[in-house]
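Data block below; observations after.
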Amino acid sequence: MHTKNTVRKLTVFFLTSWEVTMNINEKKHPITAVLKESEKVVRKEFSNCDDLKAREMYIGENQKIRCVIFYIEVNVGNDMLNVFGRLITYLQHIPEEALEEALKDNVFGLSDALPLQYMEEAVRGILIGDAVVFVDGFAGALKIPDKGYPKMGVNPSDTEKVVRGSSEGFTESEKANTALIRKRIRNTGLKVKEFQIGIRSFTNVAMVYIEDLAKPQLVEEVHRRLTEYEIDGVMDSGVVEQLAEEKWYSPFPQFQSTRRPDRAAMSVLEGKVVVLVDNSPVALLLPADVNSFMKTTDDYYNRFHMATFARLIRYVAAFFSLTLPGLYLAVTNFHTQILPTPLLLSFWEARMGVPFPAALEVLLMELSFELLREAGVRLPGNMGNTIGIVGGLIIGQAAVEANLVSPIIVILVAFTALCSFAIPNEEFAFSFRILKFVIIALSAWLGFFGFLIGIFGVLVHMASLKSFDIPYLTPYVASQLNGYEDEKDSVIRYPLRLLKNRPIYANPNQRTKLKKKD
């Protein structure tokens, strides 16, 4: 009687202190031994949630002890039901007096059944897609993990095409993405640190790194920035990226994003930290620098001649995507004397009959191409590619025939857009697309002097950026800190047998990554 009264008093105290909406900052509430009270709390928390399912059963030798399993309807798979069936079958043959010890110590050892002590853990387990079992007389619960919410399978990455290498891409499941990295790095030093962000969404976030390669202060700083803000919910890694950036006003991304598991695995081996967010197929790699945005994974799969040539093309393309329209305006409007006479006459003849100034002409065509690009992205399926090609041809040809723009401007703008497509990272390319208009405005206003001011301003801004204490212009600045080793993997990629040291991100004690066997 004394024990029952104590349990009832604890139950009354528990229910009076419970609030309808649980907060992660509140005190945890232990699960009581009275099943009806625990069931009442769960049903109150999931009130008006028709997708919450409850199955009632009786266990023990005499089938007198009541138990209830709670789960979200769409998450129940056959594997979990089989595990739960074996669990119930086992519990039906245990004496009632030994049932509590069996549940507490998990003596049956079935699957991954985990004991829970607090109601917050039980509710969280149901929300993440697991099944939770409450047993009358047992002050706790059992969580039976399942596959979780429905998710996409492993598909090829559409945004980062490569000629050689793996075609696998990240999925929308953080657990699956972690497994894809572990598939490539089968080492116990690979650590996965999980936590949750979002006081309402409780989105799983994982930091993946190799313990002896990543600098401890880097891991701590990444975790601090990721947990610095409280937010209602995180739907994609882009939200985390924006909150964790040091200089949020910069057009240049300070986190590198990728959809490729092999790219993430390479970064981990370099000493970087990879951030995976549940429900997002895009991983964040940090620290980041300019050179890392210009690399691709197949740069390391191909011979150094091909990799170096491809990188040279990318760097030249990045420069022209930023400067070509502005340089054209500066030369044709202010400094025509530097052009050969036949070329100047060709430009003049092409512009005959065009009613707009050259600056307005360039802006109209640039904005038209940006509009076509955005429309092509938003249209479904292959229709987007069609509207981009056909729309560009039709609009360009019609504008030239109507003498609204000159043919040279169409060629110039098309070549600039082609150069921006050669940049491997989409976010990095987008920053060049934005700054291109700044260069155009300065060049149309001040000529070549304005053009140089714009280029100088972009370089000064990039030099002021840091990504987790790593200069943004690495390895073109501060390369002496790593013995000039990082320069071997910059614009010119040295032969693989000469890339013996890891980049500057890695722990100084673990810089060597390649050496010949004794």
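Read-outs throughout are calculated quantities, based only on the coordinates presented, and are distinct from any laboratory measurement. Treat the numbers as computed from the prediction; the structure is a model and nothing was measured. No Cβ is skipped: glycine too gets one built from the backbone with ideal geometry, and neighbour counts run over all protein chains shown.
Odds and ends about this structure:
- Value of D in µm² per second that Stokes-Einstein yields for region 174-293, Kirkwood Rh from Cα pairs, at 10 °C (1.306 mPa s): 111 µm²/s
- Per-residue packing, averaged as other Cβ atoms within 10 Å, sorts the ranges 503-515, 31-43 into the order 31-43, 503-515, beginning with the highest.
- Helix-only [θ]222 nm of the chain, DSSP H runs n ≥ 4, -39500 (n - 2.57) each, per residue, nearest 500: -14500 deg cm²/dmol
- With the Kirkwood sum run over all distinct C-alpha pairs, region 126-228 has a hydrodynamic radius of 16.8 Å.
- Relative contact order %, the chain, counting alpha carbon pairs below 8 Å whose residues are six or more apart: 12 percent
- Compactness of region 424-518 as Cα Rg over 2.2 N^0.38 Å, two decimals: 1.45
- Student exercise, region 362-510 dipole from Lys, Arg, Asp, Glu Cβ charges, in Debye to nearest 20: 300 debye
- Spatial offset of region 460-498 relative to region 266-335 amounts to 13 Å, using the alpha carbon center of each.
- The residue list Tyr90, Ala214, Ser250 was ranked by how far each Cα lies along the charge dipole of the chain toward its positive end, using unit charges on Cβ atoms, and Ala214 comes out on top.
- In Å, descending, principal axis extents of the Cα set of region 337-449: 47, 32, 21
- Dipole size of region 265-310 about its Cα centre, with +1 on Lys/Arg Cβ and -1 on Asp/Glu Cβ: approximately 100 debye, rounded to the nearest 20.
- Listed values [x] 31; [y] 26; [z] 46, entry calculated as percent of Cα pairs over 38 Å apart: [z]
- Helix 2-17 and the longest principal axis of the C-alpha atoms of the chain enclose an angle of approximately 30°.
- Computed about its Cα centre, the charge dipole of the chain is approximately 1300 debye, with only Lys, Arg, Asp and Glu carrying charge at their Cβ.
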